[in-house]
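Please read the structure below before turning to the comments.
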Amino acid sequence: MQLALGFFTCLALLGLGGCVYGFTAQKPTDYVNQSPEFIPARAFAGRYLSEGIVYDFTGKVVARFEAEMHGQFSADGGTLKEHFIYASGREDRREWRLAFQDERHFTATASDLVGEARGVASGNTLKMTYKLRLPKEAGGHVLSVTDWMYLTDEGTILNRSQMRKFGVKVAELVAVFKHRPLSEGEFQKNMEKKYLEEVL
């Protein structure tokens with residue numbers, strides 16, 4: 001009996017440890033000495049492609065997507081346009097409008113956000129927090145989102161995001177961003193061709 005209680009106590013402690021030391025426990029200062037430096041105006045500038053997957057709360061993959069992104073910035077801020085095409089054929093677009101406080105801190109707005117997003121870069125990372133309103137067909141819920149992005153030496157950005165409702169994780173996204181000289185028209189054409197091939 002004591003062995004059994006000890007076993008379940010260990011499991012409980014491990015579970016609590018996952019809560020305390022997991023994704024949400026990261027702080028920008030944890031990465032302050034890591035390189036290369038993540039400067040948002042530099043890292044997000046230009047055109048790049050993204051591929052990613054979305055998990056539901058059980059850990060099951062519920063969506064796959066590819067996206068084309070285009071960032072244009074000045075010293076004060078700028079825009080980041082996103083065009084998502086999902087494996088289902090659904091498309092989404094978002095335009096972020098960023099305002100820089102300095103080269104590592106910014107606020108941002110977009111049409112499907114509630115209030116402002118806040119971003120802080122430290123070392124080779126960027127943390128963003130914001131409230132996202134889902135479309136009406138998805139229930140119209142407002143989710144609290146935390147994005148962590150990690151910049152590699154080659155300029156690739158690795159992105160992990162968690163979405164929560166009342167503090168409970170309801171979805172998670174993992175994506176990779178890679179710079180690539182591709183026009184919006186070329187991206188749309190390539191994605192339509194790929195989608196048709198998958199359907200047929």
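Determine the relative contact order of the stretch 86-127: mean sequence separation of Cα pairs under 8 Å and six or more apart, normalised by residue count, in whole percent.
27 percent.
Using a simple spin-label model with pseudo-atoms 7 Å out from Cα toward Cβ, HIS179 and ALA99 lie 2.8 nm apart.
Charged neighbours of ARG97, selected by a Cβ distance under 13 Å, balance to -3 (K, R count +1; D, E count -1). Set the Förster radius R0 to 22 Å, insert the Cβ-Cβ distance between THR109 and PHE57 as r into 1/(1 + (r/R0)^6), and round the FRET efficiency to 0.05. Using R0 = 22 Å, I get an efficiency of 0.20. Using a cut-off of 20 Å between Cα atoms, the listed pairs LYS81/LYS131; LYS81/LYS165; LYS131/LYS169; LYS27/LYS60; LYS27/LYS127 include LYS81/LYS165; LYS27/LYS60 as exceeding that distance. With contacts taken as Cα pairs under 8 Å and at least 6 residues apart, the stretch 27-199 reaches a relative contact order of 22 percent.
A short reminder: the numbers here are calculations on the coordinates, not readings from a lab. These numbers come from a predicted model, not from an experiment. In this analysis, Cβ positions are derived from the backbone assuming ideal geometry, glycine residues included, and neighbour counts consider all displayed protein chains.
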